[in-house]
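Following: one structure in structure tokens, then a few remarks.
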Amino acid sequence: MRRAVCPGSFDPVTTGHLDIIGRSAGLFDEVVVATGVNVSKNRLFDPDERLAMLEEAVRPWDNVRVSGFSGLIVDFCREIGAIAIVKGLRGATDYEYELPMAQMNVHLTGIETVFLPGATGNAFVSSSLIKEVAGFGGDISAFVPDFVAERLRAKLAR
Ligand code: PNS
């Protein structure tokens, strides 16, 4: 069983994430989408809300499951027997951000990171931008599943 982990904040999950998750599901026997804490980012949704949205979003794939994790991603990978971390790259800025983490993760436990190029249509899609646009009433329906758009509307209306 070749298992991979797709980690992220997923605050909230976007079509860009789902593109990477779906393509990972074609490359590995099982993909675990793991929602963790990025200490340098402010979160809108709490961990349970992010997990619930992910669970609904990954329903189309039989070999994808969702989990929360705390602590180091490499420890989580070891715990569940994953052989790789999969990350999507939208461009050079993502690469610059991801490369040191991938190198650190190899140093820590030897786990490799597989980078997938993001689909060109998703190059500008990020959870942060979606939250900002949605916060000012902009239309983000093209970039998140419908149920996520609804949750965003409800959260931001409070
Ligand atoms: O979607 P994000 O915000 O880019 O996700 C980043 C995340 C949560 C995957 C990353 O910050 C992470 O792996 N955090 C867990 C702690 C950890 O292992 N940090 C060291 C990375 S080398």
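For Gly68, the residues 5 or more places off, or on other chains, whose built amide H falls under 5 Å of its own are Thr35.
Under the simplified labelling scheme, the Thr109-Leu27 pair shows an inter-label distance of 1.8 nm, with each label point 7 Å from Cα along Cα→Cβ.
Counting only protein heavy atoms and a 1.4 Å probe, the chain has 54 square angstrom of accessible area per residue.
Among the trypsin sites (Lys or Arg not before Pro) in region 1-56, those located in a DSSP loop and surrounded by at most 12 other Cβ atoms within 10 Å of their own Cβ are Arg2, Lys41.
Summary value for region 36-158: 20 percent relative contact order, contacts being C-alpha pairs under 8 angstrom separated by 6+ residues. If you run the Gaussian network model on the chain, springs between alpha carbon atoms under 10 Å, then out of Ser127, Ser40, Ser70 the most flexible one is Ser40.
Compute for region 1-42: radius of gyration divided by Kirkwood radius, i.e. Rg/Rh, restricted to C-alpha atoms, rounded to two decimals. It would help to have the intermediate numbers written out before the result.
Values: Rg = 11.2 Å, Rh = 11.0 Å.
With Rh from the inverse mean 1/r over Cα pairs, Rg/Rh is 1.02.
Each of Ser67, Ile140, Val32 was scored by the projection of its Cα onto the charge dipole of the chain, and the greatest displacement toward the positive side belongs to Ile140; charges sit on the C-beta of Lys, Arg, Asp and Glu. Spin-label model, Asp139 to Asn42: label points 7 Å out along the Cα-to-beta-carbon direction sit 2.8 nm apart. With n ≥ 4 as the cut-off for DSSP H runs, can you work out [θ] at 222 nm for the chain, using -39500 (n - 2.57) per run divided by the number of residues, rounded to the nearest 500? Computed mean residue ellipticity for the chain: -14000 deg cm²/dmol. A Förster distance of 35 Å, applied to the separation of the beta-carbon atoms of Leu129 and Ala52, puts the FRET efficiency at 0.95.
From largest to smallest, the equivalent ellipsoid semi-axes obtained for region 38-98 from the alpha-carbon gyration tensor read 20, 17, 15 Å. Here the chain has 54 percent of its accessible surface on carbon and sulfur atoms, given a 1.4 Å probe and all protein chains in place. Using C-alpha pairs below 8 Å separated by at least 6 residues, the relative contact order for region 75-142 is 34 percent.
Here the mean projected area of the convex hull built on the C-alpha positions of the chain is 8.9 nm².
The values are calculated or read from the model by the stated rules, or taken from the named source; none is laboratory data. This structure is a prediction, so every number in the text was calculated from the model and none was measured. Using ideal geometry, Cβ is built from the backbone for each residue, glycine included, and neighbour counts are taken over all protein chains shown. What goes into the accessible areas is simple: the full protein's heavy atoms, side chains included, and nothing from ligands, DNA or RNA. Shrake-Rupley method; radii C 1.70, N 1.55, O 1.52, S 1.80 Å.
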